[in-house]
Amino acid sequence: MNASSNAAAAPMLAWHYTLGVHLLRILENGYILPQDTPDTPAVECPVAWFSLNQQHDPSALKSILVNGKPQAPTLEVMKQLGNGVYRLGISPRRLLGGEPLRREARISKARWAELLKQAKAQGANAAEWFGSIDPVAASDCVIEVLADDGRWQRVAS
């Protein structure tokens with residue numbers, strides 16, 4: 001069996017994309033903790049977000065200020081600023097997606113529609129989004145790092 005056959009047989013994972021500076025905290029805690037943002041309504045549950053995008057999810061890249069204006073950074077910039085780009089993968093069967101995730105996290109339909117609109121504007125596909133309102137054990141995850149050649153390399157499983 002050749003390498004491409006092995007890759008085709010590997011199960012698809014949902015990935016939590018993060019920076020090296022955050023990976024350390026995840027490993028220290030032992031969990032990917034659900035997070036909210038300052039604009040998250042109090043009635044919503046924080047979510048640990050994952051994506052089925054096997055390269056990277058554009059919505060996972062946080063904007064940075066360039067000359068006082070928010071701008072979407074490239075993966076290369078995030079790699080430099082964040083001490084590397086990492087991803088933690090888990091079976092999507094252990095997560096919720098779409099409408100079940102929206103309901104479990106108590107995200108209003110209006111806010112969900114806004115999140116979908118933002119995802120589309122960033123080039124992300126919200127249909128690839130999965131998540132958990134409970135902490136996800138890092139020990140259950142495969143961990144990969146974005147290498148200099150732009151490919152993902154396994155560092156732990």
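Here Gly98 passes the criteria (1) modelled with pLDDT of 90 or more; (2) open to solvent by 80 Å² or more (accessible area, probe 1.4 Å); (3) farther than 23 Å from Ala42 by Cβ; (4) not acidic (Asp, Glu) except the one numbered (2).
Kindly indicate whether any position in region 126-137 is open to solvent by 40 Å² or more (accessible area, probe 1.4 Å), in a helix (DSSP H, G or I) and modelled with pLDDT under 95. Yes, region 126-137 contains a residue that is open to solvent by 40 Å² or more (accessible area, probe 1.4 Å), in a helix (DSSP H, G or I) and modelled with pLDDT under 95.
Take the conditions (1) in contact with a Ser or Thr (Cβ under 6 Å, 6 or more places away or on another chain); (2) hydrophobic (A, V, I, L, M, F, W, C); (3) within 19 Å of Pro46 (Cβ to Cβ); Phe130 misses just one of them, which is (1).
In region 55-73, the condition of being open to solvent by 30 Å² or more (accessible area, probe 1.4 Å) and at pLDDT 85 or above is met by at least one residue.
Contact map, region 101-118: residues that are among the charged types (D, E, K, R) paired with residues that are open to solvent by less than 90 Å² (accessible area, probe 1.4 Å), Cβ distance under 6 Å, separation 6+ or inter-chain. Pairs shown: Arg102/Trp112; Glu104/Leu96; Glu104/Ile133; Arg106/Glu44; Arg106/Cys45. Of all residue pairs spaced 6 or more apart or on separate chains, those with beta-carbon atoms under 8 Å, a first member in region 12-38 that is of a type outside the set (Gly, Ala, Ser) and a second member that is at pLDDT below 95 and open to solvent by 90 Å² or more (accessible area, probe 1.4 Å) are Leu19/Leu81; Leu19/Asn83; Val21/Asn83.
Please find, within region 25-38, the residue that is nearest to the chain's Cα centre (by Cα) out of those that are open to solvent by 100 Å² or more (accessible area, probe 1.4 Å) and over 10 Å from Pro135 (Cα atoms).
Applying the first criterion (open to solvent by 100 Å² or more (accessible area, probe 1.4 Å)) to region 25-38 yields 25, 28, 31, 35, 38.
When the remaining residues are screened for being over 10 Å from Pro135 (Cα atoms), the result is 25, 28, 38.
Values: Arg25: 15, Glu28: 19, Pro38: 18 Å.
If we take residues in region 25-38 being open to solvent by 100 Å² or more (accessible area, probe 1.4 Å) and over 10 Å from Pro135 (Cα atoms), then Arg25 is nearest to the chain's Cα centre (by Cα).
Considering Lys120, Lys79, the condition of being modelled with pLDDT under 90 and either open to solvent by 70 Å² or more (accessible area, probe 1.4 Å) or assigned to a loop (DSSP other than H, G, I, E, B) (or both) is satisfied by Lys120 alone.
Among the residues making up region 138-149, those that are open to solvent by 20 Å² or more (accessible area, probe 1.4 Å) and without any contact (Cβ under 8 Å) to a residue 24 or more places away in the chain are Asp148, Asp149.
For region 92-117, taking the residues that are among the small types (Gly, Ala, Ser) and not in a helix (DSSP H, G or I), the one that is farthest from Val142 (Cα to Cα) is identified as Ser108.
The values are calculated or read from the model by the stated rules, or taken from the named source; none is laboratory data. The model shown is predicted, which means the values in this text are computed figures rather than measured ones. With ideal geometry, Cβ positions are generated from the backbone for all residues, glycine too; neighbour counts draw on all protein chains shown. These area figures cover heavy atoms from the full protein model, side chains too; ligands, DNA and RNA do not enter into them. Shrake-Rupley method; radii C 1.70, N 1.55, O 1.52, S 1.80 Å.
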